[in-house]
Structure formats: C-alpha cells, structure tokens
Amino acid sequence: MRILCLVKMVPDVDNLRYDRERNILVRDDASLLINPEDACAVAVALALRQDSPDTEIEVVSMAPRGAIPHLEDLIRRGIGRVTLITDPLFSGSDTWVTSNILARSIQSIPYDLIFTGTNSLDGGTAQVPAQIAELLGIPYLSNVNALKNPAITDRTVMVEVEEEQSVLQFSVYLPAILGFQYTPKRKLPYIRFEELNRDVSSQLSIIGNEVLGFSANEVGLKGSLTQVKRLDTDILYQKQAIRVSVDDQGIETVYQFLKQKGVHPC
Amino acid sequence: MLKQVLVYIDEDAVQDSIDLVEAARLMFGDRDLITYALAPAGQYAGAETVFDYIITSEPAPVAHYEAGKIARLIEHLHHQYRFDAILIPSTTFGRIIAPRAAIRLRTGLVADVTEVRTEGDEILLVRPAFSGRLLATVVCRGSGPIMMSVRPRTFVKTGATVKQAKLIFCDTRNLPDSGIRLTGRTERHQEQDIRESEVLVAGGGGAMKDFPLLERLASLLGGKVAASRKAVDHGKASREIQVGQSGKMVGPKVYIALGISGSSQHMAGLKRAKHIISVNIDPHAPICSMSDIVVQGDYKVFAEALIKRIEAQRTQTNGGLSWK
C-alpha cells in the first residue's frame with residue numbers, strides 16, 4: 001500500500017503580509033505552519049502504517065522554499081519521502097492552476113491512496129483536492145472523520161463521512177483521494193530526540209517547472225481563471241453599540257433589551 | 001439579452017438550493033433570466049414554481065455523493081445550453097461537485113460567495129478569505145460560465161413571480177461509474193439545528209473554561225448553544241453548532257456572543273442575525289462594531305449574573321414565564 005499525503009503550508013494568519021498592488025498574499029516571508037487538517041491526514045497515514053508496516057508514505061507539498069524545514073521535520077516524524085514542488089513561476093496561482101500543477105506532479109508518483117485535509121486554514125475554498133481528483137479521474141470524498149477497521153480490503157477503502165445531517169459510510173474504489181476533517185486527537189508524532197538533527201536531505205526531492213514543463217502563461221497569476229480584484233478588511237456595516245460593563249446596570253440593560261426584543265424566558 | 005442559469009439542487013438541502021436563484025437575480029436581473037434546476041436525485045419539491053426548467057436524471061437517479069458523475073452531467077448540459085452561470089450550494093457534496101465540474105469546463109470557480117455585485121458589465125463575487133480576516137472581491141476570467149458555490153442561507157429567495165417549470169429528462173446511465181458506494185447512513189439528532197433557533201448563546205475562544213454554563217443560559221432563554229471555530233477545534237463543542245464561513249449561517253433574533261472576538265469568517269455566518277450582544281474582555285474586538293450591546297468583562301461573571309437575574313424574576317412571578 002502506497003499513501004501519498006498532500007500537505008499545504010499555510011501562513012500563520014496572525015502574521016500576514018499582502019502585496020496590495022498584485023493583490024496576492026506574500027507567502028515567502030510569512031511564518032508557515034502545516035495546515036492542521038493536512039497534519040491530521042498525515043497522522044492517519046502514520047497510524048495505518050503501524051497496523052500494516054509495509055505501507056509506504058510520501059508527502060507532496062507545493063510551497064515556497066521556506067517550507068523546507070517543516071517538510072524535513074515530517075521525515076523526522078516518520079515520513080519516508082517528501083517531494084517539494086516549488087518555482088517562482090507558480091507564485092500567485094489560483095486553485096485551478098494549483099490543482100493542475102499538483103495533478104501533473106502526482107502523475108509520476110505511484111500511489112494507491114491520496115490523503116489530505118478537507119479545508120485549508122487560509123483560502124478555505126476546499127477546491128484543490130476535488131479538482132485534483134477530477135484531473136486524475138479518481139473518486140474523492142471530503143469530511144472523512146474515520147476509516148473503518150479493516151480500512152482496506154480488495155481494492156476498496158471503507159470510510160465514514162460526517163456531513164450536515166448524517167454520518168455516512170462509503171466504500172470507495174482505489175485509487176482514491178480522501179479529505180480528512182480536523183480532529184484534535186489526531187496529532188503528528190513527536191520527533192524523537194535522536195532524530196532532531198538527522199540529515200534527511202536524501203529523502204527530500206525538490207522539483208520545479210523545469211521538470212513539470214508548464215508554459216509561463218499556464219501558471220501563476222497569468223494562468224489563473226479567477227482573479228482577486230480587491231481585498232477589504234472592514235466588511236460589515238457598523239452599529240452604534242450600547243457599551244456596558246458586567247455590573248448590575250450592565251446586566252439590567254441586557255435583561256431589558258432581551259425583554260424588549262421579545263425573547264421569552266423558559 | 002437572455003441569461004441562462006443552472007442551479008444544482010442537493011437532495012439534502014432542497015430549499016437552500018432553490019434559494020440560490022436569488023444570487024442569479026442579483027447578477028442578471030429578473031427580466032431576461034431563464035433558470036434551470038438540476039435535480040439528478042429526483043428531489044426538487046418547491047422548485048416547480050421557481051424555475052423555468054427542472055432537469056432530472058431518468059430512469060436512473062444520481063445521488064449527490066456521485067460527484068464525478070454529476071460533474072460530467074453538468075459539463076454535458078453546459079455544452080447543450082451554454083449557461084451564463086452555474087450555482088452550486090456549498091453543502092458537503094456540493095463542495096465536491098462544483099470543483100470537479102469547474103475542471104471539466106475549464107472555468108474559474110469562486111467558493112462560498114457571500115455577496116454578488118455588478119460594476120458595469122463585470123460581475124464581482126465577494127468571499128471571505130484567510131480565515132476570514134479579509135473579504136476578497138473576485139472576478140472570473142476565461143470564457144466559461146461564471147461558477148460559484150454559495151453557503152446555504154446566504155441568499156434567501158425574494159422574487160414572487162410564480163413559474164410553471166417544464167421537466168427535462170436526462171439519461172445518465174452511460175456516464176462513467178463514480179467508484180463510490182453508500183453502505184450505511186446514521187441520521188443525526190436534528191434538535192441540534194442552530195439555524196432554526198431564535199436565540200443563540202455562542203461561545204468562543206474566550207469562553208472555553210465553562211461551556212456547560214452556556215447551555216444553562218441558552219435553555220433559560222429558550223435558545224440553543226452555538227460556537228466559534230476556535231471552540232470547536234479545541235473540542236469544546238461539536239461541529240454541528242459551529243457558526244461562520246466554515247460552519248453554519250444563522251439568523252437568530254438575538255445572538256449572545258461570549259468570548260468571541262468576531263473574525264470575519266465568524267461574522268460571515270451572522271449576516272442575518274438581527275441583534276448581537278457581545279461579551280468580551282477586549283472592548284475593541286471586531287465583533288463589538290457589529291453589536292447592539294457590548295458588555296466589557298468576563299463572560300462567566302456575565303452569564304452567571306444574567307442567569308441569576310432571570311431566575312430572580314421567575315421566583316418573583318411565582319414560576320411564571322413572563323418578563324417584568
């Protein structure tokens with residue numbers, strides 16, 4: 001069994017910088033972290049390998065070079081191989097371009113299953129996994145919260161999906177992409193002390209457009225089919241609020257307000 | 001010029017899907033609009049009087065989880081009808097169908113649109129981004145139809161024109177298999193749905209010490225408990241009661257926000273809330289600018305005092321149910 005994990009590095013949202021002229025997020029100098037749902041997906045893959053040790057796990061990430069230390073740490077946490085896709089040409093790519101780049105990169109890597117997170121912390125469009133699935137012509141399910149035990153039998157994987165009104169069980173033919181939900185209990189393992197400074201460079205490969213061969217018009221801002229025209233911070237109309245403190249007067253104000261608005265105590 | 005719009009009807013959110021017609025009206029106006037509802041699962045109750053056409057899959061219905069198949073169906077229909085826009089509800093499976101269809105049509109897709117505007121000939125789509133810190137105004141480039149996904153209850157149908165939809169049947173049996181089989185389904189208890197509640201008592205990152213306290217206040221007010229993403233991610237509340245861009249869009253009469261700073265990803269879920277009371281240590285938290293009442297202080301002290309006030313009134317009126 002070969003599991004590919006797609007991992008996105010997301011900017012620490014508290015420390016963002018925008019290029020307002022080009023209307024893109026400058027990721028190069030923002031501090032990065034592994035998208036939490038993607039980390040969950042990697043944790044599930046590692047747990048699967050504990051049960052069947054012949055499982056091979058490879059991480060693929062499209063990110064600026066600043067991601068290298070995080071990706072090296074994934075190797076120290078037990079990932080066999082990491083491929084970083086990076087090229088200055090790719091900066092500013094929308095989900096359409098990103099999906100095309102990732103799908104082309106994946107085509108040269110063998111896999112039975114692709115694990116990733118359903119949503120990313122920054123864009124949050126949840127489009128890329130489904131778009132890659134379409135480009136590769138394979139099934140995709142999102143919001144996976146658990147794999148059945150045993151998860152994989154006879155070229156199908158049994159999964160549980162949490163949706164708005166119900167919990168659904170599916171069997172999915174391999175190869176397939178599964179998008180996991182964030183679950184606090186699914187955590188990446190710690191890096192063991194003796195691993196901390198291990199040289200892992202032989203397990204990390206870095207590929208750019210010289211390998212993938214896109215034309216400059218197909219990628220980055222030029223290749224994108226959606227374009228951000230404007231970014232606004234103050235989004236909603238402002239109300240003139242009544243300001244009170246937590247004291248008798250404040251509580252009475254809230255109490256009378258509720259009464260006035262017809263909220264009935266039970 | 002006539003505008004043709006396709007709306008996908010998710011069988012688990014039929015009315016919410018129908019409501020997307022409103023976004024089409026905002027883009028193109030009412031007069032020259034021809035609307036198509038795509039209901040491949042065969043469930044479209046209520047759409048007959050709203051759409052001009054209803055497209056179903058006969059004789060074999062296609063369920064929403066067969067997203068790959070539905071994406072191909074949308075592609076096929078687009079080649080036949082040349083839609084100006086394709087709108088898909090941001091349900092669990094709508095969020096898979098939309099990107100898959102966008103790839104097949106080679107068109108840009110804007111996710112979770114919260115606002116639609118026109119500027120001259122250009123159609124601007126607004127969506128929250130970067131954990132809701134910002135609102136991005138996005139335009140679609142390329143020749144394909146405008147494609148967007150919209151979270152349920154972002155738009156509510158207002159138009160009163162009553163239509164009589166014509167049915168179009170589509171045979172999907174030749175489309176490739178989706179590779180996905182449903183093997184089991186457990187319904188969730190529905191009394192949890194915070195979208196129906198008139199009063200919500202919501203807790204955020206600053207209210208994680210004592211979540212059960214919110215339950216007490218909510219039940220005294222005849223309301224329900226809701227939560228911000230932070231509280232959900234920390235395991236304090238279930239995802240079903242999460243409010244915001246990645247949770248639910250709610251429209252209560254009163255929303256009492258305890259320890260919620262109000263990132264725009266959270267506020268995106270509150271657009272239809274009539275009144276907001278926010279309790280925060282920080283008087284400059286973003287949510288304060290949206291609130292009717294800003295209470296500066298500790299949520300726990302506040303909740304306990306308000307519970308006491310309500311209970312005191314109850315004893316005074318001999319267990320009665322009225323305010324005084």
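The values are calculated or read from the model by the stated rules, or taken from the named source; none is laboratory data. Given the structure is predicted, the values throughout are model-derived calculations rather than measurements. Quick reminder, even Gly has a Cβ in these numbers, built from the backbone with ideal geometry, and neighbours come from all protein chains shown. We work out accessible area using only protein heavy atoms, side chains counted, and drop any ligands, DNA or RNA first. Shrake-Rupley method; radii C 1.70, N 1.55, O 1.52, S 1.80 Å.
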Hey, which of the strands (runs of 3 or more DSSP E) in segment B:160-237, taking only ones fully inside, have at least 2 residues that are more than 30 Å from A:LYS259 (Cα to Cα)? B:166-170, B:180-187
Yes/no for A:LEU33 being at pLDDT below 90, within 17 Å of the chain's Cα centre (by Cα) and open to solvent by 30 Å² or more (accessible area, probe 1.4 Å): yes
Residues within segment A:130-151 that are free of Cβ contacts under 8 Å to residues at least 24 places away in the same chain and in a loop (DSSP other than H, G, I, E, B), tallied: 1
Out of A:ARG186, A:ARG243, report the one residue that is buried (at least 16 other Cβ atoms within 10 Å of the Cβ), among the charged types (D, E, K, R) and within 12 Å of chain B (Cβ to nearest Cβ). A:ARG186
Considering (1) in a strand (DSSP E or B); (2) open to solvent by 20 Å² or more (accessible area, probe 1.4 Å), say which one B:GLU48 fails and leave the rest. (1)
Selected residue (only one of B:LYS253, B:LYS230, B:LYS300, B:LYS236 is more than 8 Å from chain A (Cβ to nearest Cβ) and surrounded by fewer than 19 Cβ atoms within 10 Å (Cβ to Cβ)): B:LYS300
Please enumerate the residues belonging to segment A:201-220 that are part of a helix (DSSP H, G or I), open to solvent by 60 Å² or more (accessible area, probe 1.4 Å) and farther than 17 Å from A:HIS70 by Cα. A:GLU210, A:VAL211
Can you find a residue that is of a type outside the set (Lys, Arg), touching a Ser or Thr at 6+ places or on another chain (Cβ under 7 Å) and within 24 Å of A:LEU113 (Cα to Cα) anywhere in segment A:181-193? yes
Could you please let me know if B:THR172 is over 19 Å from B:PRO89 (Cβ atoms), touching a Pro at 6+ places or on another chain (Cβ under 8 Å) and more than 8 Å from every other protein chain (Cβ to nearest Cβ)? yes
Which one is least open to solvent (accessible area, probe 1.4 Å), of the residues in segment A:103-128 that are within 12 Å of another protein chain (Cβ to nearest Cβ) and assigned to a helix (DSSP H, G or I)? A:ALA103
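For segment B:193-216, how many residues meet the condition of being hydroxyl-bearing (Ser, Thr, Tyr) and either at pLDDT 90 or above or surrounded by fewer than 16 Cβ atoms within 10 Å (Cβ to Cβ) (or both)?
The number of residues fulfilling the criteria is 0.
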